[in-house]
1. Just to be sure before I move on: is T198 farther than 20 Å from V240 by Cα and of a type in the set (S, T, Y) in the structure I sent?
2. Checking the condition assigned to a strand (DSSP E or B) and open to solvent by 10 Å² or more (accessible area, probe 1.4 Å), which residue from Y128, Y121 passes?
3. Please tell me if T224 is more than 26 Å from P285 (Cβ to Cβ), part of a loop (DSSP other than H, G, I, E, B) and of a type in the set (S, T, Y).
4. Go through the stretch 167-215 and count every residue that is open to solvent by 70 Å² or more (accessible area, probe 1.4 Å), among the small types (G, A, S) and part of a helix (DSSP H, G or I).
5. Can you pull out every residue in the stretch 71-98 that is within 21 Å of the chain's Cα centre (by Cα) and either among the acidic types (D, E) or within 13 Å of G53 (Cβ to Cβ) (or both)?
6. For the stretch 19-52: of the residues being touching a Leu at 6+ places or on another chain (Cβ under 7 Å) and open to solvent by 20 Å² or more (accessible area, probe 1.4 Å), which is nearest to Q86 (Cα to Cα)?
7. How many residues, within the stretch 119-149, are out of contact with any Phe, Trp or Tyr (no Cβ under 8 Å at 6 or more places or on another chain) and within 20 Å of V219 (Cα to Cα)?
8. Could you please find all residues in the stretch 61-79 being at pLDDT 95 or above and open to solvent by less than 10 Å² (accessible area, probe 1.4 Å)?
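The values are calculated or read from the model by the stated rules, or taken from the named source; none is laboratory data. A quick note: this is a predicted structure, and the numbers were derived from the prediction, not measured. Counting neighbours? That spans all protein chains shown, and the Cβs are built from the backbone with ideal geometry, glycine included. With ligands, DNA and RNA removed, areas are computed over all heavy atoms of the protein, side chains included. Shrake-Rupley method; radii C 1.70, N 1.55, O 1.52, S 1.80 Å.
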Amino acid sequence: MKTTALVTALTLLSAAAPAQTRLVTGSQSPMPAAEWIDQDTGHRVVRLTPLDGNNNSFYFHNRPFLTGKGGAERMVFYHSDARGKQLRTLDLKTREVVPLTRYFKQVGGEIVAPRRREVFYQTGDSVYATHVDTRRTRLVFVFPPDFRANITTLNADETQLGGAWSSDAEKEISRQYPEKKDYFRRIYDSKLPRTLFTVSTQGAGLTKLFTDSAWLNHVQFSPTDPRLLMFCHEGPWELVDRIWTIDTKTKQVKKVHQRTMDREIFGHEWFSADGKTIYFDHQRPRGATFFVTGTDVKTGKEKSYELSRDEWSVHYTSAPDQQTFAGDGGYPSSVAHSPNGQWIYLFRPSGSTFVAEKLVNLAKHNYHLEPNVHYSPDGKWLIFRANFEGESQVYAVEIAKAAS
């Protein structure tokens, strides 16, 4: 079934006439229209999802896009309401929303396989794949009782899903202390074992790759090398050597960045679109000076771009053409303690610095929900989630400034 209420008054994301109304983003809840020009930046903002519950885009390094029938670009996102949670698809041109899965009490995974034209997800101990055109759903894998784990990533040739297993003792910590501020240090201090694994997308079996008495997390495959899996040692960033890779064939583990000073921190890592660079938030030392640094996967050579305290972002990302970067901003109580950091930013590299442009004012957004920016497939928009209209919704801001 289609969400027909959306299809009435829709405009094209890529070709709509410019919105003329200039408004303070989040000044009304809900906003009086689905698109407006941000009064503080001059950039056009479009709400992509209907006001029919909570709608959330994917985590910043999980690519949510694929090409639909007739070449239309589609985005997969999560919807939740009183009935539960489901995955839906959104046509980025018509903004037509189509439910992809049935409702679940709990569902996670958020993995799009553009070549297979499937979306992988997990509920309980079971991994499923649903075809985006036919909506045919197949059971991929059921984790055994002694290895209840979670999928988080898909490799470049779409043959292997990856993730990390945690012990029952760690799961109990999470159950007793559901808030991050309560469980985070407890899990780090516990030094319980975690295991990296892969599962065939055809359900052929489970492969255990690597076990450590560390909080192995943030697991993501290279977008171009099917054997290269990145992971982190989670915990207080000043106490961990965070970023690592493993070759899933040889099982060789390699550290990506070596700390150079006391309280240097680095994390929220992601692969460039060509898979040649691992980028990360980098502070030397913590909360003092701010950079985005990239490490060449093959040579280890690094390049850093400095930015200001207010420009620090919870998460960064890089464009499909790798010419620009973007960030989702920060908030006064964040690690940067940025007094005026609540913006969606575009960053243009200039030598060893970023030149920042503010695209959306998020002063009315509660950063308990992280915006998690994504570039649109054509690189002309930044897509993010926000709650300035009440419940979480998905928005796009046009990188080109609106006509005055």
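1. Numbers: farther than 20 Å from V240 by Cα: yes; of a type in the set (S, T, Y): yes.
Considered against the rule, which asks whether it is farther than 20 Å from V240 by Cα and of a type in the set (S, T, Y), T198 comes out as yes.
2. Y128
3. yes
4. So the count comes out to 0.
5. Correct list: E73, F77, Y78, H79, S80, K85, Q86, R88, D91, V97.
6. P30
7. Residues meeting the conditions: 5.
8. The answer is P64, F65, M75, V76, F77, H79.
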